[in-house]
1. Would you mind counting up the charge near Val136? Only other residues with Cβ under 13 Å from its Cβ, with Lys and Arg at +1 and Asp and Glu at -1.
2. Give me Ser172, Ser41 ranked fewest to most by other Cβ atoms within 10 Å of their Cβ, as a rough exposure proxy.
3. Could you line up Lys74, Lys145 from fewest to most neighbouring Cβ atoms inside 10 Å?
4. Given the DSSP H assignment, sum -39500 (n - 2.57) over each helix run of at least 4 residues in the chain and divide by its residue total; what's the result at 222 nm in deg cm²/dmol, nearest 500?
5. Indicate, rounded to the nearest 5 percent, the antiparallel portion of the DSSP beta bridges found entirely in segment 38-171.
6. Does segment 38-128 come out rounded, prolate or oblate by the C-alpha gyration tensor, with a ≥ b ≥ c the root eigenvalues, rounded set by a/c under 1.5 and, if not, prolate when a/b is larger than b/c and oblate if not?
7. Springs between alpha-carbon pairs under 10 angstrom, Gaussian network model over the chain: which of Thr12, Thr38, Thr47 fluctuates most?
8. Quick one: compute a quarter of the convex hull surface over the Cα atoms of the chain and quote it in nm².
Amino acid sequence: MVRASASDPVATTTLIGDLLFTCANIFGWLTKRLRMMTFESHSAAETVAFGERLARDLKPGDAVALHGELGAGKTCLVKGIARGLGITQDVTSPTFTIVHEYRGGRLPLVHVDLYRLDAPQDAAEIGIEDYFCSEVVTVIEWAEKIAPLLPRRAIHVRMELRGENERTIVVS
Ligand SMILES: Nc1ncnc2c1ncn2[C@@H]1O[C@H](COP(=O)(O)OP(=O)(O)O)[C@@H](O)[C@H]1O
Ligand SMILES: [Mg+2]
């Protein structure tokens, strides 16, 4: 049996490699935690205002994945994001269209609502991944339905219904 010792250069290199890998993982986890932000909303207007603030930091190619049950306020937040981007059109819940595009703001906004999506491959067919490589901001309701297709850098927003007008919003 070969025993690794500190004087063995191969074992030492492996050890340093493992240490660096662990450090990188801890660093990644920490930055993700630091990026995490929780907001307590007490009205639809507050959620819209929060969306407006969120929009300030959005860049071309950003994807915002929205999670939360029906009535959690996802569309409400999209209205705020649109407003924050300077889009004057009213954002509505797409009834049968899955994708709505809004132009005229600082950046184009693509609003995707996957509520009626049955299979993830349907989203792949409509070319959802192309939006992530383009100059638009894509905001996706029911994003968990296409989890494997989402870019790694996606901003996740989790919305929880706490009461009639109370919502907890966690951004990570
Ligand atoms: N704090 C709040 N944030 C967002 N929506 C709220 C809030 N309080 C009450 N509401 C109401 O909840 C509903 C949220 O609807 P919507 O945004 O369409 O949800 P979702 O898209 O998640 O299904 C709206 O009728 C809105 O007026
Ligand atoms: Mg909605």
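Each value in this text was obtained by applying a stated rule to the coordinates, not by laboratory testing. Note that the structure is a prediction, hence the values are computed from the model and not measured. Counting neighbours? That spans all protein chains shown, and the Cβs are built from the backbone with ideal geometry, glycine included.
1. Around Val136, the charge tally is -2.
2. Ordered by Cβ neighbours within 10 Å, fewest first: Ser172, Ser41.
3. Final ranking by Cβ density, sparse to dense: Lys145, Lys74.
4. -11500 deg cm²/dmol
5. 50 percent
6. Oblate, since a/c reaches 1.5 and b/c is not below a/b.
7. For the chain, modelled as a Gaussian network with Cα springs under 10 Å, the answer is Thr12.
8. Orientation-averaged projected area of the Cα hull: 14.1 nm².
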